[in-house]
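Notes follow once the structure below has been shown.
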Amino acid sequence: MKRVMKEFTGGSAFLSILAVIASLVVGGILIALSSPEVQSTATYLTARPSDFFQALWNSVFGAYDAMFRGAIFNYKAQDTLQMIKPITETLAYATPITMSGLGLAVAFRSGLFNIGATGQIIFGAMFAGWVGIYVDLPWYVHFPLAVLAGVLGGGLFGALVGFLKATTGANEVIVTIMFNYIAVLLLGYLLKTPILQAPGAVNPISPPVKDSAKYVFFLGDQFRLHGGVFAMIIAVVFTWWLLNRSTLGFRFRALGHNPNAAKVAGINIGLTYILVMGISGALSGLAGTSQILGSEQVLTLGVAASYGFDAITVALLGRSNPWGVLVAGLLFGGLRAGAVTMQANQGVPVDIVLVVQSLIVLFIAAPPLVRAIFRVKVSKEVAA
Amino acid sequence: MKLELRGITKRFGAMVANDNVNLVAQPGEIHCLLGENGAGKSTLMNVLYGLYQADGGEILIDDKVVKFSGPGDAMAAGIGMVHQHFMLIPVFTVAENVMLGHEPTKFGGILDMAAARAKVREVSAKFGFEIDPDAIVGELPVGVQQRVEIIKALIGNAEVLIFDEPTAVLTPQETDELMAIMKQLREAGTAIVFITHKLREVQEVADKITVLRLGKVVGEADPKSTANELASMMVGRAVDLDVEKAPATPGKPTFKVEGLSAWSHSGAKVLDDINFEIHEGEILVIAGVQGNGQTELTEAIIGMHGKTAGSIQLDGRELIGKNVKQVLDLGVGFVPEDRTEDGLVAEFTIAENLMLDRSDRKPFAKGLNINLAYLKKFALEKLNQFDVRAQGIESKAAQLSGGNQQKVVLARELSRELRLFVASQPTRGLDVGSIEFVHEQIVATRDSGIPVLIVATELDEATQLGDRIAVMYKGKIVGIVPSNTPRATLGQMMAGISA
Amino acid sequence: MKQSKRTPIALLVMALVGLWLFISAPSGVTMINISTDSDIFKLPDFALNVALICGLAVAVQIAGLLVSGYLVLAKNHKTPRWVVIMFAVALVAEILIGLFAGKTMTFTSLLQGSLALAVPLIFGSLAGVLSERVGVVNIAIEGQLLAGAFVSALVTSLSHNLLAGLIGAMIAGALVAWVLAVFAIKYVVDQIIVGVVLNVLVVGLTNFIFSTLMVSNLPLYDQPDRYSNILIPVLGQIPVLGPVLFNQTLIVYLMYIAVGVVYFVLFKTRWGLRVRAVGEYPKAADTVGINVFRTRYISVMIGGALAGLGGSFFTLGQVGAFGKEMTNGAGYIALAALIFGRWNPIYAAFAALLFGFAENLQYGLAIIGSSVPSEFLLMLPYALTVVAVAGLVGKVTGPAASGKAYIKS
């Protein structure tokens, strides 16, 4: 584990970029293979190769062009507003992914492998959702209270893992995996009971949260981007401060690098486990609030979407460095936003994002593989 | 079978671990390979055993060049190895461990356990070992585990046997028995390569001595050389092995341990009614073979051991029931036995390591923030004071040599307001220069009027450093004796026979 | 030796649950139906008095608690395994009888359904055993199952050959395992990361190909034949157990064989000894000339092949077509079974059966219209696994070197 963390934090940004490129290339190959035009022109490849290459270019370029137009800037749109809408979509997707990724980064840097982001997002959303739906207060109390509840919900669920590890030595990887499923099932149950289910609803769905508890939609209602994006920036700065400037973060890192030495130096390991997992879960809880008080506004089984997994990849891609996590979060937000347009315009299933995303992580985790692909010479420094 | 290493060179990155090394082991001869920690002895043997591939040179058996691509080849060629860290699987039985790699099987690859047991019994009988082939290895005493390791090395009819620092974990008696086994093997015509840095053992059994320093052979030594001659050759300058210290002037007994017992996680009693006291300005050495409760004793003192009973008092205050932080705050300095595992965070800078135990308080903390300016000033000061050789305070601890790492640990632990200093095997694995520095610091700490507790596993260190020596065996203190007690007596005590 | 008080405390908590169930249990009787058409002789349905059975069960639990408490506290002994087992059986019986109070429990079909759900779990946990015993943590069981399900559907649809489908599934599972092994062994990437990521990669790939290829022509690409049940004469006609165990598809019979063979190979053969040595202390294995890397590759890939085989049960044994993400977390439950079964193939198989039973119970309860929320039954495997890794019921330790890459210097 220690070695891996070093791999992730010690590698160069250059290799990360190469990893992203390699993954996009593989994604492009898949897109090309699945294109009917490419398949049909391939049958007479030797007779008229130009057709084949034309089709190849069209399918791959078309797909990535659509992705660009869906994620960054839509130069084909009618008006300026529509042109810049994609970048706001990217930010909207990036918000929960980054928040949760920061949470995992805190855990990874402290030597704890938290893969429980899904469950922690769900707990955050449940707590924030309940306050947002059922409490009646003026917005300046209601909104902060709802966010706080979400942060607390995720934090407590995370801290429970830390508590189990501290008291019984239970492996946090297994516990968080199991807790993800328990959280999903618990949410499913609560959405079938009056505790969270909307009155009269047949489906597992909650009533909408009240306006007084929502994040501000500062660009207007036609945009999905909301005030959570500012919370995200605050979270990045907080995490950076925590890990690099605070004494608490110093103890977190000491625990992460060498728990034995931390223990001998008088650091309370058990308490630190609980704090690490609490803060880690709280950041995922914040991501839950962004979902329930911002993007979704009703609680459903899909409230955590695939953000729990995205958060893992973002934390790894960002090498558990808060600013790196932000960049990675924006990248994956862009992939998500772009994939929607790609599917709509080019008929390429959004699932391609999962493939690209997982490849990025695999490549990043194995620098020698990326070097081999791009035939990058190993510098002296890396070798030593 | 004659074994020859010719011009072996092995590099790790820029470091040359073995530089053109030559060595010949003849049948019926014990050849000692002597050198300081880090001189390249183990690297050389790992090359010979096929674990490492040499960058240059060749291995010859009976004057024919051989090539080992793995330990399997070396074993097939008749080379066996008794490893410093036993290569035994704790959850396996003796028979399973011994047969691993060349298992007797019935049809279809089914293990023939009966044959394996018989083989273990056969070899045990030859050397007078009494070993149950069905015992679980992890449950056996260390000395017995080493015999299993020896059986394992011999079972393939090895004609060359390598012993890599085999006595580190043995009592003096067990060491004597091992020497006898080595001599017995020599009479049977086995060629033995004996790797060690303990001069006394070399003098006892060596037929030939090759001295290695910084990866190079510096020459062969006469087996009749004195200890100081051998040491000088090993270190490359004249060395005086004695610790210089004035007689102790003990003050009040401020540190008292009374009726201390402790239990392991599994419930076994690891400390049994320990009683002793240390006076101000006195060094008490806890001597004994590793694994007789010394680790648990230091853990109990600093509050890391879970299940304890009895009393530990410092300046009249009870330490039992306090956590590590509270104990350290009472003025306890602690140097753990494994500095890379327990003493330092390898990935942290020197500066960060220096504040590991006090990051939460002034002047290192400023509110919730780290006081970076103070930390820098403090670290620079300590770097100078303790003569830590590093590029700067931002160097990672992992980049330092063992000696410099230990200086960082000492700098941290001695820079608190101390009322007690505890150090566990403070010179383990260090070069002679660093050992001298560490000893000076310990004596200086004593002379400043602080009670000092040192855990030592090597008798020489115990007798030279200690003002009094307490010998531990199986979790008990066998006796507390003056430091001029004869070695033989101390050796007997280490085997549990009270003086 | 001081014994840990965890077991009696855990038993106390569970006994309180049992007592509460007893107090709140409805009165009446539960009908038990245990006969099927193929039985040699028919056993009649019988009725059990709920209050009586629950009362008896609670009595057994309290007795178990007292024995455990007495032994640990007064005698400083361990709680014997059989006491814990008796306790668990009593509690499970109490829950079952209580749940079906006033209704008929068709015991045989309940078991049949449980076994069906357990088959992929058992194959998956065997994959985990082979992988973790050799020192590679296998979080990618889910991906191996899914790949097996996908490829078996595709290959069988195209070739109309069931055996080809099975072989394809094994190759697919082994391929996923190979990727896991390459990253874990050669590139020394953290095994948990690789596992988690591989699962998503397989989901992405299968979803992608399903959406782009399969959907375009379902009859051609996704309409595999299915294995039909083979009734084993005599054995299959034994009441209760016969129809459950011996009227099954080829894949299930392969599963029985696989459990036995994996156990035998792992603990009785040379290869198994070496696998376990590599998983406990790779360097020790290396120093006696065992090729650590090759052993790891082979064991992990055989495991993957078994998981792929288990995956084919989803398509060729049950549903008869591939569906997106159809394994639905079975791989993680298999992982849970593996841990709960303490890295032992036979224990893991029984743990998987237990989890299959818990999962199947919701269908049994749905039929009788029970109001017990199915979510809590589905939570059982996960909750039990947390309990197991938290060491509340005995100590669980895996192979010492599991999860650690072997770096040859």
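When you scan the stretch C:156-192, how many residues do you find that are more than 14 Å from chain A (Cβ to nearest Cβ) and either at positive phi or surrounded by 22 or more Cβ atoms within 10 Å (Cβ to Cβ) (or both)?
Here is the first cut: in the stretch C:156-192, the ones more than 14 Å from chain A (Cβ to nearest Cβ) are C:156-175, C:177.
When the remaining residues are screened for being either at positive phi or surrounded by 22 or more Cβ atoms within 10 Å (Cβ to Cβ) (or both), the result is C:156-157, C:160, C:165-166, C:168-170, C:172-174, C:177.
Selection size over the stretch C:156-192: 12.
Output yes when any residue across the stretch A:331-351 is farther than 25 Å from residue A:85 by Cβ, small (Gly, Ala, Ser) and under 14 Å from the mean Cα position of the chain (by Cα), and no when none is. It would help to see each step written out before you state the result.
Here is the first cut: in the stretch A:331-351, the ones farther than 25 Å from residue A:85 by Cβ are none.
The answer is no, given that none of the residues of the stretch A:331-351 is farther than 25 Å from residue A:85 by Cβ, small (Gly, Ala, Ser) and under 14 Å from the mean Cα position of the chain (by Cα).
Of the residues in the stretch A:300-349, how many are at positive phi and aliphatic (A, V, I, L, M)? Quick ask: steps written out before the conclusion?
Step one: of the stretch A:300-349, the residues at positive phi are A:305, A:319-320, A:347.
Now narrow it down to the ones that are aliphatic (A, V, I, L, M): A:305.
Adding up the residues that qualify gives 1.
Kindly indicate which of B:92, B:68 is over 22 Å from residue B:4 (Cα atoms) and surrounded by 16 or more Cβ atoms within 10 Å (Cβ to Cβ).
On the way: B:68 fails: over 22 Å from residue B:4 (Cα atoms).
Being over 22 Å from residue B:4 (Cα atoms) and surrounded by 16 or more Cβ atoms within 10 Å (Cβ to Cβ) holds for just one of B:92, B:68, which is B:92.
Looking at B:166, B:133, which one is within 28 Å of residue B:492 (Cβ to Cβ), crowded, with 21+ Cβ neighbours inside 10 Å and in the same structural domain as residue B:226 (by TED's automatic domain parsing)? Walk me through how you get there before you give the answer.
On the way: B:133 fails: within 28 Å of residue B:492 (Cβ to Cβ).
Of the residues listed, the single one that is within 28 Å of residue B:492 (Cβ to Cβ), crowded, with 21+ Cβ neighbours inside 10 Å and in the same structural domain as residue B:226 (by TED's automatic domain parsing) is B:166.
Could you list, in sequence order, all residues of the stretch B:311-332 that are closer than 16 Å to residue B:297 by Cβ and outside any loop (DSSP other than H, G, I, E, B)?
B:311, B:312, B:313, B:314, B:324, B:327, B:332
Tell me which residues, restricted to the stretch C:248-289, are facing another protein chain (nearest Cβ under 7 Å), free of Cβ contacts under 8 Å to residues at least 40 places away in the same chain and over 11 Å from residue B:101 (Cα atoms).
Within the stretch C:248-289, C:268, C:269 qualify.
Only one of these is in a helix (DSSP H, G or I), more than 10 Å from chain C (Cβ to nearest Cβ), under 30 Å from residue C:336 (Cβ atoms) and not small (Gly, Ala, Ser): A:143, A:157, A:179. Name it. Before you say what the answer is, go through the steps one by one.
On the way: A:143 fails: under 30 Å from residue C:336 (Cβ atoms); A:179 fails: more than 10 Å from chain C (Cβ to nearest Cβ).
Going through A:143, A:157, A:179 in turn, just one is in a helix (DSSP H, G or I), more than 10 Å from chain C (Cβ to nearest Cβ), under 30 Å from residue C:336 (Cβ atoms) and not small (Gly, Ala, Ser): A:157.
Does the stretch A:264-285 include one or more residues that are in a helix (DSSP H, G or I), at the interface with chain B (Cβ under 9 Å from one of its Cβ atoms), surrounded by 22 or more Cβ atoms within 10 Å (Cβ to Cβ) and without any contact (Cβ under 8 Å) to a residue 40 or more places away in the chain? Before you say what the answer is, go through the steps one by one.
First, the residues of the stretch A:264-285 that are in a helix (DSSP H, G or I): A:264, A:269-285.
With at the interface with chain B (Cβ under 9 Å from one of its Cβ atoms) added as a condition, the list becomes A:264.
From what's left, surrounded by 22 or more Cβ atoms within 10 Å (Cβ to Cβ): A:264.
Okay, now just the ones that are also without any contact (Cβ under 8 Å) to a residue 40 or more places away in the chain, so A:264.
Looking through the stretch A:264-285, at least one residue is in a helix (DSSP H, G or I), at the interface with chain B (Cβ under 9 Å from one of its Cβ atoms), surrounded by 22 or more Cβ atoms within 10 Å (Cβ to Cβ) and without any contact (Cβ under 8 Å) to a residue 40 or more places away in the chain.
Filter the stretch B:229-282 down to residues that are within 14 Å of another protein chain (Cβ to nearest Cβ) and assigned to a loop (DSSP other than H, G, I, E, B) and give me whichever is surrounded by the most Cβ atoms within 10 Å (Cβ to Cβ).
B:264
So which residues in the stretch A:204-221 are more than 12 Å from residue A:293 (Cα to Cα) and either among the hydroxyl-bearing types (Ser, Thr, Tyr) or without any contact (Cβ under 8 Å) to a residue 24 or more places away in the chain (or both), if there are any at all? Show your work before the answer.
So the first thing to find is which residues in the stretch A:204-221 are more than 12 Å from residue A:293 (Cα to Cα), and the list is A:204-207, A:218-221.
Correct list: A:206, A:218, A:220, A:221.
Anything in the stretch B:347-384 that is within 7 Å of chain A (Cβ to nearest Cβ) and either part of a loop (DSSP other than H, G, I, E, B) or in contact (Cβ under 8 Å) with a residue 60 or more places away in the chain (or both)? List them, or say none.
Within the stretch B:347-384, B:347, B:348, B:356, B:357, B:359, B:360, B:368 meet the criteria.
Sort through A:294, A:256 and tell me the only one that's at pLDDT below 95 and within 17 Å of the chain's Cα centre (by Cα). Before you say what the answer is, go through the steps one by one.
Numbers: A:256 fails: within 17 Å of the chain's Cα centre (by Cα).
Going through A:294, A:256 in turn, just one is at pLDDT below 95 and within 17 Å of the chain's Cα centre (by Cα): A:294.
Quick one: would you say residue B:307 is basic (Lys, Arg), at pLDDT below 90 and in contact with a helix residue (DSSP H, G or I) (Cβ under 7 Å, 6 or more places away or on another chain)?
Details: basic (Lys, Arg): yes; at pLDDT below 90: yes; in contact with a helix residue (DSSP H, G or I) (Cβ under 7 Å, 6 or more places away or on another chain): no.
When the stated conditions are applied, residue B:307 does not pass them.
All but one of (1) assigned by TED's automatic domain parsing to the domain that holds residue C:256; (2) touching a Leu at 6+ places or on another chain (Cβ under 6 Å) hold for residue C:116, so report the exception by its number.
(2)
Filter the stretch A:344-378 down to residues that are at the interface with chain C (Cβ under 7 Å from one of its Cβ atoms) and small (Gly, Ala, Ser) and give me whichever is nearest to residue C:196 (Cα to Cα).
My answer is A:358.
Do we find a residue being among the small types (Gly, Ala, Ser) and either modelled with pLDDT under 90 or buried (at least 24 other Cβ atoms within 10 Å of the Cβ) (or both) anywhere in the stretch B:48-59? Full working, then the answer.
Within the stretch B:48-59, the subset among the small types (Gly, Ala, Ser) is B:50, B:54, B:56-57.
Okay, now just the ones that are also either modelled with pLDDT under 90 or buried (at least 24 other Cβ atoms within 10 Å of the Cβ) (or both), so B:50.
For the stretch B:48-59, residues among the small types (Gly, Ala, Ser) and either modelled with pLDDT under 90 or buried (at least 24 other Cβ atoms within 10 Å of the Cβ) (or both): present.
Counting only residues that are assigned to a helix (DSSP H, G or I), more than 17 Å from the chain's Cα centre (by Cα) and modelled with pLDDT of 90 or more, how many does the stretch C:288-336 have?
Total meeting the criteria: 13.
Go through A:315, A:365 for me and flag whichever is small (Gly, Ala, Ser) and within 13 Å of the chain's Cα centre (by Cα). Working first, answer last.
Numbers: A:365 fails: within 13 Å of the chain's Cα centre (by Cα).
Only one candidate qualifies: A:315.
Of all residues in the stretch A:314-341, which are under 29 Å from residue A:205 (Cβ atoms) and not aliphatic (A, V, I, L, M)?
From the stretch A:314-341, those under 29 Å from residue A:205 (Cβ atoms) are A:314, A:329, A:332-333, A:335-341; that's our starting set.
Once the filter is applied, which keeps residues that are under 29 Å from residue A:205 (Cβ atoms) and not aliphatic (A, V, I, L, M), the stretch A:314-341 yields A:329, A:332, A:333, A:336, A:338, A:341.
Every residue in the stretch B:74-124 that is closer than 20 Å to residue B:142 by Cα, part of a helix (DSSP H, G or I) and within 11 Å of another protein chain (Cβ to nearest Cβ), please.
If the condition is that a residue be closer than 20 Å to residue B:142 by Cα, part of a helix (DSSP H, G or I) and within 11 Å of another protein chain (Cβ to nearest Cβ), then B:95, B:96, B:97, B:98, B:99 are the ones that fit.
Within the stretch C:337-353, count every residue that is buried (at least 21 other Cβ atoms within 10 Å of the Cβ) and assigned to a helix (DSSP H, G or I).
9
Name the residues in the stretch B:395-444 that are over 13 Å from residue B:337 (Cα atoms) and of a type in the set (Gly, Ala, Ser), would you? Don't jump to the end; show me each part of the working.
So the first thing to find is which residues in the stretch B:395-444 are over 13 Å from residue B:337 (Cα atoms), and the list is B:395-401, B:403-404, B:407-408, B:411-421, B:431-444.
Correct list: B:395, B:397, B:398, B:401, B:403, B:411, B:415, B:433, B:434, B:444.
Residue-wise test of (1) assigned to a helix (DSSP H, G or I); (2) within 13 Å of another protein chain (Cβ to nearest Cβ); (3) buried (at least 20 other Cβ atoms within 10 Å of the Cβ); (4) of a type in the set (S, T, N, Q).
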position	(1), (2), (3), (4)
A:163	yes, yes, no, no
A:170	no, yes, yes, no
A:187	yes, yes, yes, no
A:192	no, yes, no, no
A:199	no, no, no, no
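What pairs come out if I take residues in the stretch C:203-227 that are not assigned by TED's automatic domain parsing to the domain that holds residue C:140 and pair them with residues that are part of a helix (DSSP H, G or I) and surrounded by fewer than 21 Cβ atoms within 10 Å (Cβ to Cβ) whose C-beta lies under 6 Å away, six or more apart or interchain?
From residues that are not assigned by TED's automatic domain parsing to the domain that holds residue C:140, there are no pairs.
Among the residues of the stretch B:427-456 satisfying the criterion of being touching a strand residue (DSSP E or B) at 6+ places or on another chain (Cβ under 7 Å) and not in a loop (DSSP other than H, G, I, E, B), which is surrounded by the most Cβ atoms within 10 Å (Cβ to Cβ)? If you could, list the steps in order and put the result at the bottom.
Going residue by residue through the stretch B:427-456, those that are touching a strand residue (DSSP E or B) at 6+ places or on another chain (Cβ under 7 Å) are B:442, B:445-446, B:450-456.
With not in a loop (DSSP other than H, G, I, E, B) added as a condition, the list becomes B:442, B:445-446, B:452-456.
Details: B:442: 23, B:445: 21, B:446: 24, B:452: 28, B:453: 24, B:454: 25, B:455: 26, B:456: 24.
By that ranking, first place goes to B:452.
Might you check whether a residue that is more than 9 Å from chain C (Cβ to nearest Cβ), out of contact with any Pro (no Cβ under 9 Å at 6 or more places or on another chain), within 16 Å of residue A:128 (Cα to Cα) and among the acidic types (Asp, Glu) occurs anywhere in the stretch A:210-220?
Yes, there is a match, as at least one residue in the stretch A:210-220 is more than 9 Å from chain C (Cβ to nearest Cβ), out of contact with any Pro (no Cβ under 9 Å at 6 or more places or on another chain), within 16 Å of residue A:128 (Cα to Cα) and among the acidic types (Asp, Glu).
Of a type in the set (Gly, Ala, Ser) and either at positive phi or in a loop (DSSP other than H, G, I, E, B) (or both): which single residue out of C:228, C:216 fits that description? Let's see the steps before the verdict.
Working: C:216 fails: either at positive phi or in a loop (DSSP other than H, G, I, E, B) (or both).
Only one candidate passes the filter, namely C:228.
The values are calculated or read from the model by the stated rules, or taken from the named source; none is laboratory data. Being a predicted model, the structure only gives us computed values, none of them experimental. No Cβ is skipped: glycine too gets one built from the backbone with ideal geometry, and neighbour counts run over all protein chains shown.
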